[in-house]
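Working notes for the structure below.
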Ligand SMILES: O=C(O)CCC(=O)C(=O)O
């Protein structure tokens, strides 16, 4: 699974997980967003990351996750304000850089990088398993159930 994933799992503790499935020619787009702050197992500071295990790989046509280079360089306070003010980033689906991945690749996602993904226009499914993990035990949204992220 590679050195980066190994180090990631040794350093961080799992906070939550999700599966993202984009069906062939149907899988919806994921709008531009930062993961910090989010409503799901989010730590009080941006001290977490997401690992996306790309089961089928990702190409531009299958709706690869796209990133805006340098957009992670924003303070936690500014990221919180953006979220509170419901700032729309006004970016096209094709903006930024697509992460082209082979099946089995793992993508590590910085909590504040702007990212999103367009529709899957191919005939194959595009499946990712997402693990959110971090170092902090202080949650933004109070105490949560460890698997589903539901409030306790
Ligand atoms: O898998 C995708 O297309 C998007 C994943 C994503 O944006 C996220 O996990 O924050």
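What follows is calculated from the coordinates using simple rules that are stated; it is not laboratory data. Just so we're clear, the structure is a prediction, and the values are computed from it rather than from any experiment.
Here are the numbers for this structure:
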| item | result |
| --- | --- |
| Added length on full extension, which subtracts the Cα-Cα distance from 0.36 nm per residue, residue 20 to residue 129 | 38.6 nm |
| Contour excess over end-to-end distance, with Cα ends at residue 100 and residue 81 and 0.36 nm allotted per residue | 3.7 nm |
| Mean-position separation - Cα centroids, the stretch 85-126 and the stretch 32-78, in angstrom | 9 |
